[in-house]
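Read the figures in this text as sums done on the coordinates, not as results from a lab. Computed from a predicted structure; not experimentally measured. Cβ placement follows ideal geometry from the backbone for every residue including glycine, while neighbour counts extend to all protein chains displayed.
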Amino acid sequence: MTTSSSIGEHSKSLSNCWQARDAWWKCLDLYDNCESNCQKQIEQLHLACSASLVHFFEERRKKLTEDKPTRKLMLPQHALHTYLTDFRNNANHNFSSHQTAFPFDNDDDDD
């Protein structure tokens, strides 16, 4: 018998899994599909998702980027360019004042 609390828990765990997938894909976009730069996101993906979903996400990304190794799946190209340019321009400045969130994360939208 399925209870509403178990449905809610399953929904939350699926949401966490998809968020981990999004973070992993964003990282791969930022680092031109170099997985060695995204180990933290890969670990989170394996913690949040079942092995079958991890395999599905890996195969899906492989198919979407086939013959297009520089294709960005999660970032509009201009947003990535702007973020990296801003980061490079501020590299020699005080990082406590540097923007730490990605420009495509909308978690703190108050409007």
Net charge over other residues, Cβ less than 13 angstrom from the Cβ of LEU64 (K, R count +1; D, E count -1):
+3
What are the ³J(HN,Hα) values, in whole Hz, obtained from phi via the Karplus relation 6.51 cos²θ - 1.76 cosθ + 1.60 with θ = phi - 60°, for each residue of the range 33-40 in sequence order, with x given for Gly and Pro?
6, 8, 5, 5, 8, 10, 4, 4
What's the ranking of 58-64, 40-46 by average number of surrounding C-beta atoms within 10 Å, highest first?
40-46, 58-64
From a point 7 Å beyond the Cα of ARG71 in the direction of its Cβ, which residues of the range 13-50 have a backbone N at a distance under 16 Å?
25-26, 28-30, 32-34
Taking a spot 7 Å from the Cα of PHE56 along the direction of its beta carbon, which residues of the range 13-35 have an amide N less than 19 Å from it?
13-26
